[in-house]
1. Right, ASP311: in contact with a strand residue (DSSP E or B) (Cβ under 9 Å, 6 or more places away or on another chain) and either open to solvent by 60 Å² or more (accessible area, probe 1.4 Å) or not basic (Lys, Arg) (or both) or not?
2. Select, from ILE248, ILE257, ILE305, the only residue that is among the hydrophobic types (A, V, I, L, M, F, W, C) and not in a loop (DSSP other than H, G, I, E, B).
3. Name the pairs whose Cβ atoms lie under 7 Å apart, with the first residue in the stretch 377-402 and closer than 11 Å to TYR351 by Cα and free of Cβ contacts under 8 Å to residues at least 60 places away in the same chain, the second among the charged types (D, E, K, R) and open to solvent by 60 Å² or more (accessible area, probe 1.4 Å), and 6 or more positions between them or separate chains?
4. Could you tell me whether VAL191 is farther than 26 Å from THR341 by Cβ, at pLDDT 95 or above and β-branched (Val, Ile, Thr)?
5. Please go through (1) assigned to a loop (DSSP other than H, G, I, E, B); (2) surrounded by 15 or more Cβ atoms within 10 Å (Cβ to Cβ) for GLU318 and return the number of the only condition it doesn't satisfy.
6. Can you list the strands (runs of 3 or more DSSP E) found entirely within the stretch 30-135 that contain at least 2 residues being of a type in the set (Asp, Glu)?
7. Within the stretch 180-211, which residues are open to solvent by less than 40 Å² (accessible area, probe 1.4 Å) and in a strand (DSSP E or B)?
8. Return the residues of the stretch 148-179 that are assigned to a loop (DSSP other than H, G, I, E, B) and surrounded by 14 or more Cβ atoms within 10 Å (Cβ to Cβ); say none if nothing qualifies.
Amino acid sequence: MAKKEIETISLTDSFKEFKELKKIDKTTMISVLEESFRSVLAKIFGSDENFDVIMNPDNGDCEIYQNFEVVPDGEVEDPDRQIALSDARNDEENPDPDCEVGEEYTRKIEFAKFGRRAILNLRQTLASKILDLQKDAIYTQFKAQEGELVSGEVYQVWKREVLLLDDDKNELLLPKDQQIPTDIYRKGETVRAVIHNVDNKNNNPKITVSRTSENFLRRLFELEVPEIHDGLIQIRAVARIPGERAKIAVESYDDRIDPVGACVGVKGARIHGIVRELRNENIDVINYTSNPQLFIQRALSPAKISSIRLDEETKHAEVFLRPDEVSLAIGKGGLNIKLATILTGYTIDVYRDIDNDGEDDIYLDEFKDEIDEWVIEALKNMGCATARAVLHTSRQDLIDKADLEENTVDEVIAVLKAEFDEE
């Protein structure tokens, strides 16, 4: 077999390999091939303007034609663009005996004649263009999927992030701050997450996934609860403290469907799978309502609220509860009230509602002339919004829970007692 034929076959096979490996559609592949040929021709001849590159869309074969201006014999100034009249009429491979000066003469070019270096250059150019196309395709694909659920196999575990590979071997990065605190990763295991962010800095796609995003909880519910997937139940709000606790507000568009019951499942069958995926993160599912007072009341469950005062302009809520309900409303480590705040969008302050048997009470804000404002705020933060609420709380609790000095607490108690003694 001739050397030229060997090189041509090698080149054709290379194109097939690229096409099969990268899964590029035919139209794009033909365009990339033409651009690659033109790029190499421009390097060899200084320009590709007087070349026609014709690609066969069926098999990727390429035909190249070089166009010359026919000039009188002896007047050729640019042999890459001009050809003498006698040469055009007597060309060995493609003679044109009828051509005249000033006309265009076209000669077919065998790319293999340019040698192995040109073919190598073409392969490198093609590989580079295909790599760029592949990166663009990956970026476009995953950018459109931000917030969606994805699975990947743990390939490498580092101190600050975990590298996952999806079914197509695309790299997914799971940073430490997007991992559930109790997560443990082992090479080869499958991990689920949501696509958190996709950027393409310097044409190098970076796909970041998350297991702490509220969208992760949303997608898990969509996966486990058919009614959510089908649109019969809508998730209206989500609040999460990853690995600890979460609250989710749901609403049904069908009066026959109990949204909370559907999400929990028979004997908790549906929600248990989600809890396991989230490393035993406790999940409260509540009914959504557009009534802010009722929504706040449900969000603070299991605490039972006595009354609520709302400022809808500032999105602030003052919630009053019996003393034995305050700790339930706040929750361990303040988790319950923090999640309720995130879920409802209201800043929530919790206060003790003391039954004074008809006795008058006074809000602490009325004592700003006698008690420093920061002291009042410290007392309100521990649930004491009124004078009698403070006086019904032990001195030691005021010192410990409000983090106040003993003499400050004694001064406050004296001021409040004096007010009622005067009455």
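1. yes
2. So the residue among ILE248, ILE257, ILE305 that is among the hydrophobic types (A, V, I, L, M, F, W, C) and not in a loop (DSSP other than H, G, I, E, B) is ILE248.
3. Every condition considered, the pairs that remain are MET382/LYS401.
4. On the way: farther than 26 Å from THR341 by Cβ: yes; at pLDDT 95 or above: yes; β-branched (Val, Ile, Thr): yes.
So VAL191 fits the description; yes.
5. Unmet for GLU318, out of (1) assigned to a loop (DSSP other than H, G, I, E, B); (2) surrounded by 15 or more Cβ atoms within 10 Å (Cβ to Cβ): (1).
6. Values: elements: 51-55, 62-71, 82-84, 104-109.
By residue number, 62-71.
7. Passing the criteria: VAL191, ALA193, VAL194, ILE195, VAL198, ILE207, THR208, VAL209, SER210.
8. Residues satisfying the conditions are ASP166, ASN170, GLN179.
The values are calculated or read from the model by the stated rules, or taken from the named source; none is laboratory data. Because the structure is predicted, anything quoted here is derived from the model rather than measured. As a convention, Cβ positions derive from the backbone with ideal geometry for all residues, glycine included, and neighbour counts pool all protein chains shown. Just the protein is used for accessible areas: all its heavy atoms, side chains included, with ligands, DNA and RNA removed. Shrake-Rupley method; radii C 1.70, N 1.55, O 1.52, S 1.80 Å.
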